[in-house]
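Structure record follows, encoded as structure tokens.
Derivation of every value follows stated rules applied to the coordinates shown; laboratory data play no part. Computed from a prediction, not measured in an experiment: that's the story for all the values here. Cβ: placed from backbone, ideal geometry, glycine included. Neighbour counts: every protein chain shown.
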Amino acid sequence: MRIVSFVAMAALLAGCQAAGGYPPPGMTRPEALKSVETDSAVGAEAAYDAAADPEVRRQIRNRIVRARLYVADVNYNDFARNLSTEQKAFAVGSDIAVLGLAGAGTLAKSARTATRLAAASSGVLGARSAIDKEIYFDKTLPAIVAQMDASRRTVYATIATGLARSDADYSLLQAKADLETYYIAGTIPGALTAITKEAGKQSAVADQKIERIVEYPYSFGNISKRILKYRKPDDKTVDVGHESAMFAWLHANTNVPTVGECILGACTEAEKAQMAKDLAIP
Amino acid sequence: MARQVRFRNVPAADVLERIENLKEGQGGATFVETLPPLIDGQPEDGATYTLIATYAT
């Protein structure tokens, strides 16, 4: 009975699929690829090689490149659809089902309680792992797809600009290299590379903006409380006169630039005590 | 350009008031953040934080 329940639960979870969020395409993928087969095939390049007139070569080049762009788009859209919720739900359901069946197998072979518990435990732990993976995937996938879309648009702009140029300025060979870049831009490794590069650039910019970083252990004792009270006698508003006096004292006697930093730990206890003494802080 | 000052091991009970202390007064911090970040602007009871104050230079 337990085995049946275990398997039934696993099968139920495996079959639990959400809608993918995509309407059906106008043409199936094979139909779409078939529609541009002539121009996208390797054989189409023979006509380009044979043509002597620059304008004819440009027209053939554009026809070939547009056909291959279309093939890349069809394949990419198919790929993106398969990354959708439906696919992910199936993946997690499958993970759980496999774990459930494996656990059920162990239960069937042995009557020992310990083995049953171990099987149940591995099933639960495994399911947890599958769900964790799913949550992680769910959070990162939109960013990866957005990066793929952005990278593809960037490369597409290069290709579209090239197609407006003469064959001498933008040969089929150059276009083929750009088409390869267009393909890579629509892959998960390509997107991850682009994201990493962008993060590195932003980090470098941030590092340039922060010229100095110092760190102190937090230290807020009785002297700090007295200084803070002197700074804000009513606990609400900074007393400008007291603040200016402390600010001047810090600049004359320490390397600590502000009162706030001083009272949190940038000043030593001895420095705080000296300031309190010199300024007659109660 | 800016400089950054970090204060380690600030108890949760002190965090919000110390953020204010760093921002107020002459030459106060332009921005103070915490590690770990505050959830809904509130520190978690019993946790300790690093305050990161950024000052314009």
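Mean per-residue shielding of peptide B:21-32 is 6, counting Cβ atoms of other chains within 10 Å of each Cβ.
For each of B:F31, B:F7, count neighbouring Cβ atoms within 10 Å of the residue's Cβ, then give the residues from fewest to most.
In order of increasing Cβ crowding within 10 Å: B:F31, B:F7.
What does the structure give for A:46-59 when I average, per residue, the other chain Cβ atoms found within 10 Å of the residue Cβ?
Shielding by partners across A:46-59 averages 0.
Could you state the angle between the C-alpha long axis of helix B:12-23 and the longest principal axis of the C-alpha atoms of chain B, as a value from 0 to 90 degrees rounded to the nearest 10? On a 0 to 90 degree scale, this one is about 10. Using the Cβ-Cβ distance between A:A199 and B:T57 with R0 set to 25 Å, the FRET efficiency from 1/(1 + (r/R0)^6) comes to roughly 0.45.
In whole angstrom, how far apart do the alpha carbon centroids of region A:41-86 and region A:160-200 sit? Region A:41-86 and region A:160-200 have Cα centres spaced 14 Å from each other.
The overall shape of region A:172-270, judged from the alpha-carbon gyration tensor, is prolate: a/c is not under 1.5, and a/b is greater than b/c.
Taken along the Cα-to-beta-carbon direction at a fixed 7 Å, the label points for A:A273 and A:K209 span 4.1 nm. FRET efficiency for the A:A164 to B:E44 pair, using the beta carbon distance and R₀ = 56 Å, is estimated at 0.45. Shielding by partners for peptide A:214-222, expressed as the average number of C-beta atoms from other protein chains within 10 Å of each residue's C-beta, is 5. Extending 7 Å from Cα along the Cβ direction at A:Q174 and again at A:T38 yields two label points whose distance is 2.8 nm. Ellipsoid fit via the Cα gyration tensor, chain B: semi-axes of 21, 11, 9 Å, each the root of five times an eigenvalue, largest first. The stretch between B:A2 and B:T30, if pulled fully straight at 0.36 nm per residue, gains 9.1 nm over its current Cα-Cα span.
Placing a label point 7 Å from the Cα of A:A80 along the Cα-to-Cβ direction, the residues of region A:185-203 with a backbone N closer than 19 Å are A:185-195.
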